[in-house]
Amino acid sequence: MIKISNETKIGILAVVALAGLILGFNFLKGSSLFQHTKKLYATFDNVQGVEVSNPLQINGLTIGTVTSINEADQDLAHGVVLTITLKKDIHIPDDSYAQINTSFLGTAAIVIQKGVSTKFLDNGDTLLTRKKPDLISQVQESVNPVLTKLGGTLTSLDSLIQKVNTMFDPRLKNNFSAIIANLAASTAQLQVMLNTQTGELAQSLKHVNAFTDNLAKNNDHITHTLDNVEKTTAHLAEAKLPETIESLRGAINQMQTLVGKLNSNNGSLGMLMNDKKLYQNLESSTRSLNILLDDFRVHPKRYVNVSVFGRKDKSGPLTAPLSDSTAAPQPKK
């Protein structure tokens, strides 16, 4: 049996303890010596708030941690390089970019915004980076336009004040005094108009109130009148006015046709009214008929031979009608 010295045992125990310490420290940092890992690099101009073991996230999922922070060169002209160890085998498009998100508590995380490329980053590749403005920068960007507008407003106000100051120039004092006097006179006239006792506006309001009172008192009469008007319009609507007007138009057309015929020489009435010769013939015929009737009445024996009357009347016939006793006497020719 091989005898192990105490020094050997102490040495073995020290090696085991050192290995356990290294494994435990890496485990606390989120890395494992027994797992194949992939490393990515990201370069930033400023990594304020970023520390070793800060997470790398994509879509809210932690896929790795920051394992080291180193300068790109001694002058930091090319920024600071972060070494990121991936714990999950996630396909990251090569057009994705990383940015540093800082919370209100001061903790930072590297966040990847995925791209759309079908080519993915491999071990040792470098992430594209983008600087995200902090809260103070965002507030400043929002406040700057407001400050610019405020500056313009102050400039305009200063110009207005300068123009107002020119009104007090001695050459314009008289005009300014006249303007003030006109304003005072206008104010006095307005005060008179607004007087509650004798003002024109007050009187007009009184008239308006009286008119509205009369309307309120005669509300029933107005309602009754409107009802009568409504009934009248209803009767007119039921009276078939279009048909009546059409019939009246037809009667007027017929009357116009009749008057036209009377005015023309066509037809008996037209000729009677317009032909003077026909009128003279009718007058002559009427006169001859009157003479015949008068002669028959005065000398009946000439037309009827009756023995009762004696011998035949041989007097000459009448040449003019006898005067009518009921008519007005005719002038002698």
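Here, each number is a calculation from the coordinates, and none is a lab measurement. All of these numbers come straight from a predicted model, not from anything done at the bench. Glycine also receives a Cβ, built like all others from the backbone with ideal geometry; neighbour counts cover every protein chain displayed.
Points worth noting:
- Neighbour counting of Cβ atoms within 10 Å sorts the residues Tyr97, Tyr303, fewest neighbours leading, into Tyr303, Tyr97.
- Remark: the Phe120-Leu205 segment gains 22.0 nm on full extension, using 0.36 nm per residue and subtracting the alpha carbon distance.
- Over 28 Å (Cα to Cα) - which of Lys88/Lys119; Lys39/Lys132; Lys240/Lys261; Lys88/Lys131 fall in this group: Lys240/Lys261
- Counting neighbouring Cβ atoms within 10 Å and putting the fewest first, the residues Val298, Val47 line up as Val298, Val47.
- When Lys231, Lys39 are arranged by Cβ crowding within 10 Å, least crowded first, meaning fewest neighbours, the order is Lys231, Lys39.
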